[in-house]
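The values are calculated or read from the model by the stated rules, or taken from the named source; none is laboratory data. Values in this document were obtained by computation on a predicted structure and should not be read as measured data. As a convention, Cβ positions derive from the backbone with ideal geometry for all residues, glycine included, and neighbour counts pool all protein chains shown.
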Amino acid sequence: MIKTDALIIGAGPTGLFTAHQLKLIGLSCEIVDNLDKIGGQCIELYPDKPIYDIPAIPECTGEELTNNLINQLKPFNIKFHLNERVDEVKKNDEIWNVKTNKGTEFSTPNIIIAGGVGSFEPRKFSPKECEKFENKSIFYSIKDKTVFKGKIVSIFGGGDSALDWAIELSKDSKVNLIHRRDEFRGAQASVDKMNELVKNDKINLFTKYQLKSVKGKENLESIEIEHDNKEVKNLETDYVLGFFGLVMQLGPIANWGLNIDKKTISVDTEKFETNQKGIYAVGDICTYPGKLKLILSGFHEGALAARACFKLARPNEKYRFEFTTSSKSIKNRLGVKE
Amino acid sequence: MPKITYIEHSGKTHTINVANGLSVMEGAVQNNVPGIDADCGGSMACATCHVYVKEEWFNKLPKKEDGEEDMLDMAFEPKKNSRLSCQLMVSDQLEGLVVNLPEKQV
């Protein structure tokens with residue numbers, strides 16, 4: 001059980017700056033994020049897109065913004081729990097007990113939800129019967145590629161993940177690559193390589209096809225794919241891989257007894273606290289009259305929520321407002337020499 | 001203001017006057033039409049404002065940019081007549097546009 005003054009859910013720009021604010025006022029915090037990297041939507045959805053409305057930064061990309069925020073956190077040793085999703089939140093006296101899907105447990109008086117639009121999850125196939133084979137014959141990510149050796153693998157998607165795995169697995173498996181159109185959005189070099197493998201009969205390519213149905217009892221036996229013109233093909237297959245990118249889903253947050261309206265959580269504008277004492281929501285996931293879904297709003301919200309955390313984490317101390325330009329204790333925390 | 005009709009997957013129809021300059025996505029979100037999520041807020045970074053446009057209208061709309069087709073790869077059940085509604089700007093030319101919403105967005 002990890003004890004911390006505050007637990008932040010979400011390592012996007014708002015979560016990162018909120019961590020900075022907590023550490024600045026002398027509180028400990030840890031961050032959980034379901035993605036495998038720091039940066040949230042900025043890094044997952046638009047790492048290369050320029051942003052023009054970060055105060056005092058005329059232009060930066062999502063990736064640059066993330067790197068700057070990480071740099072700003074350098075003086076503090078913050079523990080990140082990536083690839084983990086908070087599943088359970090339960091109150092025990094005045095303390096929240098939090099559990100992730102990997103079994104990590106936290107005990108904290110303060111939870112700050114900086115979860116954007118929810119956690120990123122792989123987009124799945126639409127035919128219902130796919131669920132039954134999930135993690136057995138149908139996968140959305142690969143942990144152990146050796147299981148595919150000598151098998152027939154049908155890969156769906158048109159991006160880098162689909163192309164890279166089609167190329168890689170074609171060495172030891174019979175690979176079908178299926179994509180809904182005849183253009184691929186992956187790197188040109190991968191597209192060229194894939195086309196070469198298709199020419200050499202190492203990959204069977206089906207474009208303008210999508211998955212129609214899957215068949216099999218215990219194990220997957222075959223799939224049906226349908227062309228734009230409605231023609232249906234039956235493919236014998238042992239495994240199916242889907243690479244359609246990530247979608248954002250509110251997920252378990254919906255079960256924590258919070259006031260949720262259209263995927264956003266209602267908060268007050270003094271502490272950014274939800275209807276549950278000690279649970280705050282900041283950034284895109286919170287809502288209040290006049291809410292703007294801008295990164296700069298998330299920074300403001302995080303700064304105020306951090307001060308509210310102080311009261312619950314240090315009930316016997318009084319929070320004193322200080323400036324970074326003049327406060328000795330803040331400079332100490334930052335490791336700045338006078 | 002042009003009239004835009006949104007047809008939910010269930011068949012329920014919403015006809016709304018949407019101001020010129022807004023996107024078809026914004027017209028739906030601002031008027032509480034269910035079925036368009038628009039998770040990324042209109043930055044063409046997700047595929048949760050996905051709609052189907054009937055052929056007669058589809059061919060009249062401005063062509064897709066590359067990025068839109070890439071995002072549609074990640075939509076729920078994309079078809080030939082799929083569009084992202086955040087990329088469809090309302091103007092007088094769109095008077096009477098009808099869009100069909102997919103069964104779900106994610």
*May I ask you to list the residues in the stretch B:66-88 that are crowded, with 20+ Cβ neighbours inside 10 Å, facing chain A (nearest Cβ under 7 Å) and under 14 Å from the mean Cα position of the chain (by Cα)?*
B:Pro78
*Might you let me know whether the stretch A:243-264 holds any residue that is touching an Asp or Glu at 6+ places or on another chain (Cβ under 9 Å), closer than 23 Å to A:Lys23 by Cβ and not assigned by TED's automatic domain parsing to the domain that holds A:Asn176?*
no
*asked:* When the residues of the stretch A:229-250 are narrowed to those that are within 11 Å of chain B (Cβ to nearest Cβ) and touching a Lys or Arg at 6+ places or on another chain (Cβ under 7 Å), which ends up farthest from A:Gly278 (Cα to Cα)?
replied: A:Gly242
*Starting from the stretch A:185-207, keep only residues that are within 14 Å of another protein chain (Cβ to nearest Cβ), then list their pairs with residues that are at pLDDT 95 or above and part of a helix (DSSP H, G or I) whose Cβ atoms are within a distance under 6 Å, requiring at least 6 positions of separation or different chains.*
A:Gly186/A:Leu163
_Odd one out for A:Ile8, checked against (1) out of contact with any strand residue (DSSP E or B) (no Cβ under 9 Å at 6 or more places or on another chain); (2) in contact (Cβ under 8 Å) with a residue 40 or more places away in the chain; (3) not charged (D, E, K, R)_ = (1)
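Just wondering, is there one or more residues in the stretch A:166-184 that are charged (D, E, K, R), within 14 Å of chain B (Cβ to nearest Cβ), crowded, with 21+ Cβ neighbours inside 10 Å and closer than 30 Å to A:Asn83 by Cβ?
Going through the stretch A:166-184, the residues charged (D, E, K, R) turn out to be A:168, A:171-172, A:174, A:180-183.
Cutting the leftovers down to within 14 Å of chain B (Cβ to nearest Cβ) gives us A:180-183.
Cutting the leftovers down to crowded, with 21+ Cβ neighbours inside 10 Å gives us A:180.
Pick out the ones that are also closer than 30 Å to A:Asn83 by Cβ and you get A:180.
So far as the stretch A:166-184 goes, yes, one or more of its residues are charged (D, E, K, R), within 14 Å of chain B (Cβ to nearest Cβ), crowded, with 21+ Cβ neighbours inside 10 Å and closer than 30 Å to A:Asn83 by Cβ.
Taking helices (runs of 4 or more DSSP H) that fall entirely within the stretch A:13-87, which contain at least 1 residues that are more than 23 Å from A:Asn110 (Cβ to Cβ)? Give the derivation first.
Numbers: elements: A:13-24, A:41-44, A:62-72.
Passing ranges, in order: A:41-44, A:62-72.
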*Some residue of the stretch A:156-169 being assigned by TED's automatic domain parsing to the domain that holds A:Val214, over 19 Å from A:Leu235 (Cβ atoms), modelled with pLDDT of 95 or more and part of a loop (DSSP other than H, G, I, E, B)*: no
*With respect to the numbered conditions (1) without any contact (Cβ under 8 Å) to a residue 60 or more places away in the chain; (2) touching a Phe, Trp or Tyr at 6+ places or on another chain (Cβ under 8 Å); (3) more than 14 Å from chain B (Cβ to nearest Cβ), which one is the sole condition not fulfilled by A:Glu226?*
(3)
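Can you tell me which of A:Val175, A:Val147 is more than 25 Å from the chain's Cα centre (by Cα), among the hydrophobic types (A, V, I, L, M, F, W, C), under 27 Å from A:Phe133 (Cα atoms) and not in a helix (DSSP H, G or I)?
Details: A:Val147 fails: not in a helix (DSSP H, G or I).
The conditions single out A:Val175.
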_With the requirement that a residue be of a type in the set (Asp, Glu) and more than 14 Å from chain A (Cβ to nearest Cβ), what does the stretch B:89-106 give you?_
B:Asp92, B:Glu95
*Restricting the search to the stretch A:100-143, which residues are surrounded by fewer than 16 Cβ atoms within 10 Å (Cβ to Cβ) and basic (Lys, Arg)?*
A:Lys102, A:Lys128, A:Lys132, A:Lys136, A:Lys143
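Suppose the filter is farther than 30 Å from B:Gln105 by Cα, modelled with pLDDT of 95 or more and of a type in the set (A, V, I, L, M, F, W, C); does A:Ile70 pass it?
yes
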*Identify the single condition in (1) at positive phi; (2) buried (at least 21 other Cβ atoms within 10 Å of the Cβ); (3) not hydroxyl-bearing (Ser, Thr, Tyr); (4) not assigned by TED's automatic domain parsing to the domain that holds A:His20 that A:Phe272 does not satisfy, given that it satisfies every other one.*
(4)
*asked:* Considering only residues that are within 14 Å of another protein chain (Cβ to nearest Cβ) and among the aromatic types (Phe, Trp, Tyr), which ones fall in the stretch A:12-46?
replied: A:Tyr46
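Would you mention how many residues in the stretch A:109-140 are out of contact with any strand residue (DSSP E or B) (no Cβ under 8 Å at 6 or more places or on another chain) and at pLDDT below 90? Before the answer, list the steps.
Here is the first cut: in the stretch A:109-140, the ones out of contact with any strand residue (DSSP E or B) (no Cβ under 8 Å at 6 or more places or on another chain) are A:128, A:131-132, A:134-135.
Narrowing further to those that are at pLDDT below 90: none.
Residues flagged as out of contact with any strand residue (DSSP E or B) (no Cβ under 8 Å at 6 or more places or on another chain) and at pLDDT below 90 within the stretch A:109-140 amount to 0.
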